[in-house]
1. For the stretch 333-452, which fully contained helices (runs of 4 or more DSSP H) count at least 3 residues that are of a type in the set (A, V, I, L, M, F, W, C)?
2. Keeping to the stretch 398-421, report how many residues are touching a residue at least 60 places away in the same chain (Cβ under 8 Å), closer than 22 Å to ASN72 by Cβ and of a type in the set (Val, Ile, Thr).
3. Residue under question is GLY320, and the condition is that it be outside the structural domain of ASN77 (by TED's automatic domain parsing), among the small types (Gly, Ala, Ser) and assigned to a loop (DSSP other than H, G, I, E, B); does it hold?
4. Can you confirm whether LEU368 is crowded, with 18+ Cβ neighbours inside 10 Å, hydrophobic (A, V, I, L, M, F, W, C), over 20 Å from VAL285 (Cβ atoms) and assigned by TED's automatic domain parsing to the domain that holds SER324?
5. Which residue pairs have Cβ atoms under 7 Å apart, sit 6 or more places apart or on different chains, and have a first residue in the stretch 298-320 that is among the β-branched types (Val, Ile, Thr) and a second that is modelled with pLDDT of 95 or more?
6. I need the full set of residues from the stretch 160-202 which are more than 26 Å from LYS302 (Cβ to Cβ) and small (Gly, Ala, Ser), in order please.
7. Quick check: is even one residue across the stretch 102-117 among the acidic types (Asp, Glu), under 24 Å from ASN59 (Cβ atoms) and in contact (Cβ under 8 Å) with a residue 24 or more places away in the chain?
8. Which of the residues that make up the stretch 154-166 are surrounded by 14 or more Cβ atoms within 10 Å (Cβ to Cβ) and either among the β-branched types (Val, Ile, Thr) or part of a loop (DSSP other than H, G, I, E, B) (or both)?
Amino acid sequence: MRILLISSNIAMSPYPIYPLGVSMIAGALTTAGHEVRQFDFLQQDKSMDAIAQEIKQFNPELIGISVRNIDNANLMNEQFYIEVVRDIVKKIREVSGSKVIMGGAGFSLIPGLILEETGADYGIVGEGESLVVNFADNAARGIYPAERLIGPETRLFGADIPSAKYDEQLMEYYLHSGNIISVQTKRGCTCKCVYCSYPLLEGSKIRQRDAGSVVDDIELLFNKHKAKYIFFIDSVFNDDGGAYLGVIKEMLRRKVTVPWTGFFKPRGLTDEIVEMMKQTGLIAVEIGSDAPSDITLKRLGKAFSFRDIVECNDLFARHGVATSHYFMFGGPGETRETVYAGIENIKRLEKSVIFIFMGIRILPDTALAKIAINEKVISPEDGMLRPTYYISPSVDKKWLEETLTEAFSKMRHCIFPPDAIDDSLRVLHKMGYTGTLWDMLLSRDSTRRRKRNAPE
């Protein structure tokens, strides 16, 4: 069966991320014997005409659309992506009679409303690798399900999570837009953050991919595709059980050293572990610190203190690893006093870049949604499809924005709003610089290191 998979993502903040989910689905379908093409809406400069041309040329019998994010989760510059997805479906209808099936992490959060909003024929909820294959196998025989929403089913074991089928045309675009290529080592998250959807989407238990398969993917990316920078897109790379160390040890055993980064939590790391990771190429980390005071950290469900954040920051600084933090102001328990305390705490974080957010996007079925309903921030009937943000009733929105602007506007390493440097990063990527690039704000030494990675 000829199947066209479309990545509908248009987010570029802070840098374009390779559509790994689409490529993993493509891998599963190809292994099952289907003919698959991958189309990236972002790569095609968000052109509806390009979609129409691709459909006419390939003549697919089934079209799948991946919805990675519902919106950009940024109160200071709101962008609602589902309208884009709806327009993509509309364009497909103009040029093709093929069934349209939808999936992806963003879709699985609010599947019914998104299906209704976009007009797609079917939607897959949860992990799609086996569900999509079953759907396509049946569709090839003219058999379609009675219900429009399919799944979720039992989650895949770690060993069954497939490698991605990295598309060469897509790779060309992302290799020239920062060289940041995604790799997934595991699914699942054991953290209990009140706002987060990862446990809902991937489960609360860690499902680790085979370390050898992960390193095979890395070697393929660097040897065949000439990638220069890996982003481990796990919800948290350094899981409590230490499963991530299996990947690190396999890289060391095979002497695979590549520049890489990932999301970290500020606990469970030692000088020995960081040094091991550096030997494999660790060059930067993004820490989900989330709140800058112990009061707000506790209310967010975090299992660490601000002291842990400082110690983790200093640990990476000692090893010369570029470090960024993400902080959200306005969460549960926030008061004017915690805001002022948080600002002073952030000033203690040296040799790091700080991204500052105001408000927290409320997602269905999270603990934050229940808090917001109890505090009458939203109503129980609110489907939360349109971006809805939690700001503590104890702080005024206008006051909070003014206070954060005054506190951070003159601090070069503190970014507020969080997308304030996006344009600069895109310019640098076009010039040939590699990676996250926010570490250029740290020191001249960092800048010189980056220049060595730029083309002659």
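1. On the way: elements: 336-346, 367-374, 397-408, 422-430, 444-452.
Correct list: 336-346, 367-374, 397-408, 422-430.
2. 2
3. Details: outside the structural domain of ASN77 (by TED's automatic domain parsing): yes; among the small types (Gly, Ala, Ser): yes; assigned to a loop (DSSP other than H, G, I, E, B): yes.
Judged against the criteria, GLY320 is a match.
4. So LEU368 passes the test.
5. ILE309/PRO266; ILE309/SER289
6. At the first step, the residues of the stretch 160-202 found to be more than 26 Å from LYS302 (Cβ to Cβ) are 160-181, 183.
If the condition is that a residue be more than 26 Å from LYS302 (Cβ to Cβ) and small (Gly, Ala, Ser), then SER163, ALA164, SER177, GLY178 are the ones that fit.
7. Within the stretch 102-117, the first condition is being among the acidic types (Asp, Glu), and the residues that meet it are 116-117.
Okay, now just the ones that are also under 24 Å from ASN59 (Cβ atoms), so none.
No, the stretch 102-117 contains no residue that is among the acidic types (Asp, Glu), under 24 Å from ASN59 (Cβ atoms) and in contact (Cβ under 8 Å) with a residue 24 or more places away in the chain.
8. Scanning the stretch 154-166 gives ARG155, LEU156, ILE161, PRO162, SER163, ALA164, LYS165, TYR166.
The values are calculated or read from the model by the stated rules, or taken from the named source; none is laboratory data. Note that the structure is predicted; figures quoted are calculated from it, not measured. Every residue, glycine as well, gets a Cβ built from its backbone with ideal geometry; the counts of neighbours run over all protein chains shown.
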